[in-house]
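Trainee: Dropping a structure here in structure tokens format, bear with me for questions.
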Protein chains: 2
Amino acid sequence: MAFPDLQMALREWTDVVGSAHVTSDAESLRAAERCTFGTENRIPAIVRPASREQVQECLRVANRWQTPVYPVSSGKNWGYGSRVPASDGCVLLDLSRMNRILDFSEELAYVTVEPGVTQEQLYTFLKERGSRLWMDATGASPQCSLIGNAMERGFGHTPYGDHFAYICGLEVVLPEGDAIETGFARFADSKAAPLYKWGLGPALDGLFSQSNFGIVTRMTVWLMPEPEYFQAYYFRCESEGDLRAVVDALRPLRLNGTIRSASHIANDYKVISALRQYPWRETDGRTPLQGDLLKHFRREMKIGPWNGSGALYGTKAQVREARRLLRRALAGKASRLQFLDDRMLRIAARFAKPYQMISGWNLERTLAVLKPVYGLMRGVPTDHPLASTYWRKRTSPPAKMDPDRDGCGLLWCSPVAPNDGAHAERLTDLAAEILLRHGFEPAISLTVLTERTIACIVSIAYDRDVAGEDGRARTCYKELLEACFREGYHSYRLAVSSMYAMVGEGTYPDLLRSLKATLDPWNILAPGRYVPDGRFHTVSAQTAAGSARAVRTA
Amino acid sequence: MAFPDLQMALREWTDVVGSAHVTSDAESLRAAERCTFGTENRIPAIVRPASREQVQECLRVANRWQTPVYPVSSGKNWGYGSRVPASDGCVLLDLSRMNRILDFSEELAYVTVEPGVTQEQLYTFLKERGSRLWMDATGASPQCSLIGNAMERGFGHTPYGDHFAYICGLEVVLPEGDAIETGFARFADSKAAPLYKWGLGPALDGLFSQSNFGIVTRMTVWLMPEPEYFQAYYFRCESEGDLRAVVDALRPLRLNGTIRSASHIANDYKVISALRQYPWRETDGRTPLQGDLLKHFRREMKIGPWNGSGALYGTKAQVREARRLLRRALAGKASRLQFLDDRMLRIAARFAKPYQMISGWNLERTLAVLKPVYGLMRGVPTDHPLASTYWRKRTSPPAKMDPDRDGCGLLWCSPVAPNDGAHAERLTDLAAEILLRHGFEPAISLTVLTERTIACIVSIAYDRDVAGEDGRARTCYKELLEACFREGYHSYRLAVSSMYAMVGEGTYPDLLRSLKATLDPWNILAPGRYVPDGRFHTVSAQTAAGSARAVRTA
């Protein structure tokens, strides 16, 4: 038999979750192996546990038969690998059935969720209750898992944008099947369990983010009270060189708390690809888009080489003062600083044309540009950014978008730079040069993720149905990732295909290997994911493997 | 010989650090074994390495001769055990010679320090440079180590009050002597190493706080830009029952970012003990202070049963709006809400008396009450709170205070409660009842440490020179700690004498033991500190111990 261990494991997994929740038909498996770039890792089966207890049992089975598993919450890890495991031959542990919202407090502003709870589900939950709390949403699919994104340390656009900073109280199933709870949740009935991050003794949450040390089956997410008043702002730079001054001008406002949210600066390519597909006709089919045609689209869409957006949250007076400070900071550095709130949006919907006549401001244009992020800045999940994954496709995005299925090519590289203009300029120049040289449009966004850092997201968007493009994109991505590492702009997150960047010699990878070997002696949980494979216990693991096999044959 | 291993180790440590930096005279050792409560753990020697390399060598020696060591940065862990190790027979590894400030950025607002760098040293460093950055300081000694406090997850009073939340990029020497760097600092020349908390892959910082998994030899501390305007506020509750309403009134302002700092509510005992010593004369030597005499002091000091303080930071307009919101929130719930800034302080110094005549406000009184925290709210270290450790002494605090030396009794119990009035009331009632029953004044402060939690510090202050008091204080502390745990108010931090609260059965302590056994197979680093002793590798460790002994004898 090709997979003797797998067959035994599948039999036991079926006992645990029921045959309806074990998938092994070829079509489903091939679909799960597809993401937005070329991968080779195969998935021999999909198992869908419904509870923490079932996850524990599934891991015990995996250990018993040494069959590696790869957990996904919703599998919407777009641009980084979707559902595809970091190594070959992993059974997918699909946690999407665990979709309960377990606890909620309006007063203390939190919600406790299982891995299958999506952004849309939480948004609907809050709306239905008439809650005055806002969630933070990523620009990824509304079907994206809250736990999945937080554990990848993803980010959104509100003051709670740095997701991993706004969670606590994890329930984690360890690789061998034991379960723990982190922070104060480790103590029964701790009153501050959903409220305090560090707990007592070593703080372990970080261990379970971007790792393969455990499966998070519960998490508390902190929510933000709806502000009395919300106002979005928008500005643009007239020339590429203005980026530097703008970043430096905004930094003091972020550091002193005037700007509290993860504001956003997108280049022209990023905005254009959010608003339309590749101009195949205008370019006569040539790629990449650049030069005069790029300038033409800038003019047509009334955007600059860099386009900033963000939001102010507070009372009317707090927002008014923030507006004054923002105006003062950007004076002479950015142009067309505009502010937008719900009232203006309502007016605009009715009076866009006359408004333009009076004010000279083409509100409809601005709205089209702002729309993708206006909702996100209020924590409203949207699938609008998903459309940009169809950028290079020759056909329009379908009503029900699925970039994995539709052959949309997308690789995200996400280096982090100091919140400093010179660094922002250097990093984006570097990325633009590499992408253009490889024939891709450098769609770049800079998110002022924390007071001191900018997360730069470089999109390599292409059409997987064009022969050779997967390979060209991979080469480009590799060069970009390595160039960024070389210049000290390390990524905050990796695609499944680039986990090799974590391997290496030295005491740090040795420590990770050692922790992995301790927690997962059989290396059955998501092998290769962010953590280099264990090695210290290799010999004893092999011996133990031998004895397990002996038991099995007996 | 009593300590054969120790003698061999001492010889090698002396080779590493030089004989001037190894202390074994009885007087020094007995002094180091003294803290502000009764302890029995003995310290056989003190070794003072001067560099990370020496720390590494010291740990290798400790492993070779299986001699446990206990690192202290400055040893000012007042109320929790000062320099005293968590278990008997540990050699003190005193890191105070490592006191360099290694990196500093005014623009990106951070400083990188070694363990010996004290609050006062950083404060002076910033002043000398004319920096516009503020540090956050704890109320403990100005001689307190920044790293020591952050790794204990201590807190201060500014918006950067939750110390562990505002650090990154640790350099850690692991128990067997290897060194790692955390976050992006693991990569050479990473531009965001001092700026971004999580790095890439599992985030390990939490592992090294409140633990014995490594010795932190370098850390970056984020600093806060000096606000354009700073204003402190002060209020009091007229009756004990008002605490509940006040906490609930302040919560929304903390949650929505109007109050950005860790504000403070202290009870009458706390304020009185900060301003004077025990009224031995007025009480005719009876303890505890309560009843009419307590009310007398309230009237005399113009304080309430609960007294709030905090600060507003921002532009003039931002502070004005925060003031309006604070006034509105506290209306009818607290009385005598007063605001104070530097200008008023200057005026007060000159015109206190006429000012009182005009305004009816006894500014001098207010200043006396506010003074201990006014500076702290601006990140100015102070030894003022140290005087309160002399509360029950019969003699005045000396010019050069040293509570360890002077027999000041102090035990801090630090349960965390939800930021919720009912919980604040329940927890403080519980603490007050227990302390009074044991004959101690329940000096209590509530710090709104984060948006969702209150850290409650209960002081048991006594005179160690009174026979039997150590024992009574210990009994009281134990009852308090256990009652708080039972009711779900778990401590954010433990005294060295109460680490037993971390031991126990279950998968969580098992996980800690397993990590400990992996990182420190000989259990030589700070055994018993927050982490129960390793057990999974017991057998192999003993075998290995046997072979090490064989090597040694050979």
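The values are calculated or read from the model by the stated rules, or taken from the named source; none is laboratory data. Just so it is clear, the model here is predicted, and its values are computed rather than measured. Don't worry about glycine lacking a Cβ; one is built from the backbone with ideal geometry, like all the others, and counts go over all protein chains shown.
Trainee: Can you list residue pairs whose Cβ atoms sit under 8 Å apart, with the first residue in the stretch B:435-455 being away from chain A (no Cβ under 14 Å) and the second being among the charged types (D, E, K, R) and assigned to a loop (DSSP other than H, G, I, E, B)? Count only pairs 6 or more apart in sequence or on different chains.
Mentor: That search, which allows pairs on different chains as well, returns B:Leu435/B:Glu441.
Trainee: Here's another thing I want to ask about it. Determine whether A:Leu289 is closer than 25 Å to A:Ala424 by Cα and assigned to a loop (DSSP other than H, G, I, E, B).
Mentor: Spelling it out, A:Leu289 is indeed closer than 25 Å to A:Ala424 by Cα and assigned to a loop (DSSP other than H, G, I, E, B).
Trainee: A further question follows. Can you find even one residue in the stretch B:133-155 that is over 19 Å from B:Pro194 (Cβ atoms), acidic (Asp, Glu) and in a loop (DSSP other than H, G, I, E, B)?
Mentor: Yes, because at least one residue in the stretch B:133-155 is over 19 Å from B:Pro194 (Cβ atoms), acidic (Asp, Glu) and in a loop (DSSP other than H, G, I, E, B).
Trainee: Report, by residue number, each residue of the stretch B:323-343 that is out of contact with any strand residue (DSSP E or B) (no Cβ under 8 Å at 6 or more places or on another chain), away from chain A (no Cβ under 14 Å) and among the hydrophobic types (A, V, I, L, M, F, W, C).
Mentor: Within the stretch B:323-343, just B:Ala331 meets the criteria.
Trainee: Still on this structure: Here is a check on your reading of the model: is A:Phe235 among the aromatic types (Phe, Trp, Tyr) and either at the interface with another protein chain (Cβ under 7 Å from one of its Cβ atoms) or closer than 23 Å to B:Tyr160 by Cα (or both)?
Mentor: It is false that A:Phe235 is among the aromatic types (Phe, Trp, Tyr) and either at the interface with another protein chain (Cβ under 7 Å from one of its Cβ atoms) or closer than 23 Å to B:Tyr160 by Cα (or both).
Trainee: Based on this model, can you work out whether B:Ile259 counts as β-branched (Val, Ile, Thr), within 13 Å of chain A (Cβ to nearest Cβ) and either assigned to a helix (DSSP H, G or I) or farther than 20 Å from B:Ser388 by Cβ (or both)?
Mentor: Yes, satisfied.
Trainee: To continue, here is another question. Of the residues that make up the stretch B:492-515, is at least one within 30 Å of B:Asp248 (Cβ to Cβ), touching a residue at least 40 places away in the same chain (Cβ under 8 Å), away from chain A (no Cβ under 11 Å) and not aromatic (Phe, Trp, Tyr)?
Mentor: Scanning the stretch B:492-515 turns up no residue that is within 30 Å of B:Asp248 (Cβ to Cβ), touching a residue at least 40 places away in the same chain (Cβ under 8 Å), away from chain A (no Cβ under 11 Å) and not aromatic (Phe, Trp, Tyr).
Trainee: Is it true that A:Arg276 is out of contact with any Asp or Glu (no Cβ under 9 Å at 6 or more places or on another chain) and without any contact (Cβ under 8 Å) to a residue 12 or more places away in the chain?
Mentor: Here the answer is yes, as A:Arg276 does meet what is asked.
Trainee: Can I ask one more? Pairs needed: first member in the stretch B:56-74, in a loop (DSSP other than H, G, I, E, B); second member anywhere, acidic (Asp, Glu) and surrounded by fewer than 24 Cβ atoms within 10 Å (Cβ to Cβ); C-beta distance under 6 Å; at least 6 residues apart or different chains.
Mentor: B:Trp65/B:Asp5; B:Gln66/B:Asp5; B:Thr67/B:Asp5
Trainee: Scan the stretch B:89-132 for residues that are touching a residue at least 24 places away in the same chain (Cβ under 8 Å), assigned to a loop (DSSP other than H, G, I, E, B) and either of a type in the set (Asp, Glu) or touching a Phe, Trp or Tyr at 6+ places or on another chain (Cβ under 7 Å) (or both) and jot them down.
Mentor: Correct list: B:Cys90, B:Glu106, B:Ala109, B:Glu114.
Trainee: Checking B:Leu480 against (1) among the aliphatic types (A, V, I, L, M); (2) within 11 Å of chain A (Cβ to nearest Cβ); (3) farther than 17 Å from A:Ala188 by Cα, which test does it fail?
Mentor: Failed condition: (2).
Trainee: I need the full set of residues from the stretch A:64-96 which are acidic (Asp, Glu) and surrounded by 23 or more Cβ atoms within 10 Å (Cβ to Cβ), in order please.
Mentor: The one that is acidic (Asp, Glu) and surrounded by 23 or more Cβ atoms within 10 Å (Cβ to Cβ): A:Asp94.
Trainee: I want to confirm something. Restricting to the stretch B:285-322 and keeping residues that are more than 20 Å from B:Ile457 (Cα to Cα), buried (at least 20 other Cβ atoms within 10 Å of the Cβ) and touching a Lys or Arg at 6+ places or on another chain (Cβ under 7 Å), which single residue is nearest to the other protein chains (Cβ to nearest Cβ)?
Mentor: Checking each candidate, the answer is B:Tyr313.
Trainee: Of everything in the stretch A:422-441, what is touching a Leu at 6+ places or on another chain (Cβ under 9 Å) and buried (at least 20 other Cβ atoms within 10 Å of the Cβ)? Give them in sequence order.
Mentor: A:Ala424, A:Leu427, A:Thr428, A:Leu430, A:Ala431, A:Ile434, A:Leu435, A:Glu441, listed by residue number.
Trainee: Given the conditions (1) outside any loop (DSSP other than H, G, I, E, B); (2) touching a residue at least 60 places away in the same chain (Cβ under 8 Å); (3) facing chain B (nearest Cβ under 10 Å); (4) surrounded by fewer than 24 Cβ atoms within 10 Å (Cβ to Cβ), which single one is not true for A:Ser211?
Mentor: A:Ser211 satisfies every listed condition except (1).
Trainee: Same structure, new question: Identify all residues within the stretch A:24-44 that are in a loop (DSSP other than H, G, I, E, B) and surrounded by fewer than 23 Cβ atoms within 10 Å (Cβ to Cβ); write none if there are none.
Mentor: A:Ser24, A:Asp25, A:Glu33, A:Arg34, A:Gly38, A:Thr39, A:Glu40, A:Asn41, A:Arg42, A:Ile43, A:Pro44
Trainee: Which of the numbered conditions does B:Asp268 fail, given that it passes all the others? Conditions: (1) within 18 Å of B:Arg323 (Cα to Cα); (2) among the charged types (D, E, K, R); (3) more than 14 Å from chain A (Cβ to nearest Cβ).
Mentor: B:Asp268 satisfies all of (1) within 18 Å of B:Arg323 (Cα to Cα); (2) among the charged types (D, E, K, R); (3) more than 14 Å from chain A (Cβ to nearest Cβ) except (1).
Trainee: Listed residues B:Val216, B:Val246, B:Val271; which is over 30 Å from A:Tyr160 (Cα atoms) and outside any loop (DSSP other than H, G, I, E, B)?
Mentor: B:Val271
Trainee: Can you list residue pairs whose Cβ atoms sit under 9 Å apart, with the first residue in the stretch B:355-381 being modelled with pLDDT under 70 and the second being part of a helix (DSSP H, G or I) and of a type in the set (Phe, Trp, Tyr)? Count only pairs 6 or more apart in sequence or on different chains.
Mentor: Close Cβ pairs (under 9 Å, with a partner that is part of a helix (DSSP H, G or I) and of a type in the set (Phe, Trp, Tyr)) amount to B:Trp361/B:Tyr355; B:Leu363/B:Phe351; B:Leu363/B:Tyr355.
Trainee: Here's another thing I want to ask about it. Just to check your reading of the model, which residue among A:Ile454, A:Ile460, A:Ile444 is closer than 17 Å to A:Leu289 by Cβ, surrounded by 24 or more Cβ atoms within 10 Å (Cβ to Cβ) and modelled with pLDDT of 95 or more?
Mentor: Just a single option satisfies the conditions, and that option is A:Ile460.
Trainee: Right, next: Which residues, taken from the stretch B:173-189, are facing chain A (nearest Cβ under 9 Å), out of contact with any His (no Cβ under 7 Å at 6 or more places or on another chain) and closer than 27 Å to A:Cys484 by Cα?
Mentor: Within the stretch B:173-189, B:Ala179, B:Ile180, B:Glu181, B:Thr182, B:Arg186, B:Ala188, B:Asp189 meet the criteria.
Trainee: Go through B:Ala165, B:Ala192 for me and flag whichever is among the small types (Gly, Ala, Ser) and either farther than 23 Å from B:Tyr530 by Cβ or more than 9 Å from chain A (Cβ to nearest Cβ) (or both).
Mentor: Sole residue among the options that is among the small types (Gly, Ala, Ser) and either farther than 23 Å from B:Tyr530 by Cβ or more than 9 Å from chain A (Cβ to nearest Cβ) (or both): B:Ala192.
Trainee: Considering only the stretch A:260-267, I want to know if a residue exists there that is of a type in the set (S, T, N, Q), modelled with pLDDT of 95 or more and buried (at least 22 other Cβ atoms within 10 Å of the Cβ).
Mentor: yes
Trainee: Which of (1) closer than 23 Å to A:Gly241 by Cβ; (2) within 13 Å of chain B (Cβ to nearest Cβ); (3) assigned to a helix (DSSP H, G or I); (4) among the aliphatic types (A, V, I, L, M) is the odd one out, the single condition A:Ala417 does not satisfy?
Mentor: Looking at each condition in turn, A:Ala417 falls short on (3).
Trainee: If I filter the stretch B:422-440 for residues that are closer than 30 Å to B:Asp533 by Cα and touching a Gly at 6+ places or on another chain (Cβ under 9 Å), do I get at least one hit?
Mentor: no
Trainee: Can I ask one more? Kindly list the number of the only condition in (1) of a type outside the set (Lys, Arg); (2) more than 8 Å from chain A (Cβ to nearest Cβ); (3) more than 16 Å from the chain's Cα centre (by Cα); (4) buried (at least 22 other Cβ atoms within 10 Å of the Cβ) that fails for B:Thr118.
Mentor: So B:Thr118 meets the others, but not (3).
Trainee: Something else now. Can you find a residue in the stretch B:97-112 that is surrounded by fewer than 21 Cβ atoms within 10 Å (Cβ to Cβ), more than 14 Å from chain A (Cβ to nearest Cβ), farther than 20 Å from B:Pro194 by Cα and touching a Gly at 6+ places or on another chain (Cβ under 9 Å)?
Mentor: Within the stretch B:97-112 (the criterion being surrounded by fewer than 21 Cβ atoms within 10 Å (Cβ to Cβ), more than 14 Å from chain A (Cβ to nearest Cβ), farther than 20 Å from B:Pro194 by Cα and touching a Gly at 6+ places or on another chain (Cβ under 9 Å)), the answer is yes, since at least one residue qualifies.
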